1. Do the conditions hold for T159, that is, is it in contact with a Phe, Trp or Tyr (Cβ under 8 Å, 6 or more places away or on another chain), modelled with pLDDT under 95 and either in a loop (DSSP other than H, G, I, E, B) or open to solvent by 80 Å² or more (accessible area, probe 1.4 Å) (or both)?
2. Can you name the condition, by its number, that T147 falls short on among (1) in contact (Cβ under 8 Å) with a residue 40 or more places away in the chain; (2) open to solvent by less than 50 Å² (accessible area, probe 1.4 Å); (3) not hydrophobic (A, V, I, L, M, F, W, C)?
3. Under 28 Å from Y152 (Cα atoms) and open to solvent by 90 Å² or more (accessible area, probe 1.4 Å), is that true of T90?
4. Go through V127, V178 for me and flag whichever is of a type in the set (A, V, I, L, M), within 27 Å of T90 (Cα to Cα) and modelled with pLDDT under 90.
5. Being open to solvent by less than 80 Å² (accessible area, probe 1.4 Å), closer than 30 Å to E177 by Cβ and not β-branched (V, I, T), is that true of even one residue in the range 99-116?
6. Name the strands (runs of 3 or more DSSP E) wholly inside the range 39-151 in which the number of residues that are aromatic (F, W, Y) is 3 or more.
7. Go through the range 81-97 and count every residue that is of a type in the set (S, T, Y) and more than 11 Å from the chain's Cα centre (by Cα).
Amino acid sequence: TYDFVTPVLNLVESVNVDGEGTSVVGMDPDTNSLGVVNAPITINLKCETVVRKLVTITFDSQGGSEVSTLIRKQGTILPVLDSPKRTGYTFRGWYKDNTCTEKFTDTKVPDENITLYAKWTPNDYTVTFDVNGGNELTEEQASKVVTYDDTYGTLPAPTRSHYGFIGWFTDRTGGTEV
C-alpha cells in the first residue's frame, strides 16, 4: 500500500517494481478513474512474481580484445557494455550482425540469447618525413595522412649531394623500412 498526496496522479499500468521479477498487475481503486486527487488517498497495488529466464549475451570483438560473456535476466536493465580495444582502430559500437549494419541500442536484456559484433574503423595517422640532410620537401610533400594497416602510396624521394636515397625508415638510424 502506498499513500499519495498530489494534485494530479499519473501512473503507468504495469510498473516493474524491483527489476528482479515483481511487477504491478493491478491497482485498487483503478487509477484511470481517479482524475485529480486533492487529498490523501490509498492505492493498493496488486503484484505478482514474474519468472524471468537467464539470457546470455556473447561478444565477437572481430579482432579486438576479448569481452566477457554477460548473463542477465531477460527484460532487466543492461549495464554499460564493455568496449574492446584494437591497435590502430576505433571502436564504433556493438551490432546485431557480423557485417555491422544493425546497431544494438537496447537498454534492456533481450528475450533470447544473442551474439553482438564489434564495429571498427581504422585510424588515420599523419606521417612526417625527415629528409636527414637531404633537400627540403615542399609543404605538401613534408607529411602525409595514412590509414592504419593500409599502404602509404607514393612517397617523396628527396635528394642529397654525394648520397643515394635508399628509402624511408621509422628511425633516423636503423629502424624499419616503410
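1. Considered against the rule, which asks whether it is in contact with a Phe, Trp or Tyr (Cβ under 8 Å, 6 or more places away or on another chain), modelled with pLDDT under 95 and either in a loop (DSSP other than H, G, I, E, B) or open to solvent by 80 Å² or more (accessible area, probe 1.4 Å) (or both), T159 comes out as yes.
2. With (1) in contact (Cβ under 8 Å) with a residue 40 or more places away in the chain; (2) open to solvent by less than 50 Å² (accessible area, probe 1.4 Å); (3) not hydrophobic (A, V, I, L, M, F, W, C) applied to T147, the lone miss is (1).
3. No; evaluated as a whole, the condition is false for this residue.
4. The unique qualifying residue is V178.
5. Checked the range 99-116: no residue is open to solvent by less than 80 Å² (accessible area, probe 1.4 Å), closer than 30 Å to E177 by Cβ and not β-branched (V, I, T).
6. The qualifying strands (runs of 3 or more DSSP E) are 89-95.
7. 2
Table: residues versus (1) more than 29 Å from D149 (Cβ to Cβ); (2) in contact with a Leu (Cβ under 9 Å, 6 or more places away or on another chain); (3) not charged (D, E, K, R).
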site: G64; (1), (2), (3): no, no, yes
site: V67; (1), (2), (3): no, yes, yes
site: R86; (1), (2), (3): no, no, no
site: K96; (1), (2), (3): no, yes, no
site: T105; (1), (2), (3): no, no, yes
site: T121; (1), (2), (3): no, no, yes
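The values are calculated or read from the model by the stated rules, or taken from the named source; none is laboratory data. Computed from a prediction, not measured in an experiment: that's the story for all the values here. Cβ coordinates were reconstructed from backbone atoms using ideal geometry, including for glycine residues, and neighbour counts include every protein chain displayed. Heads up: the accessible areas ignore ligands, DNA and RNA and are worked out on the full protein's heavy atoms, side chains in. Shrake-Rupley method; radii C 1.70, N 1.55, O 1.52, S 1.80 Å.
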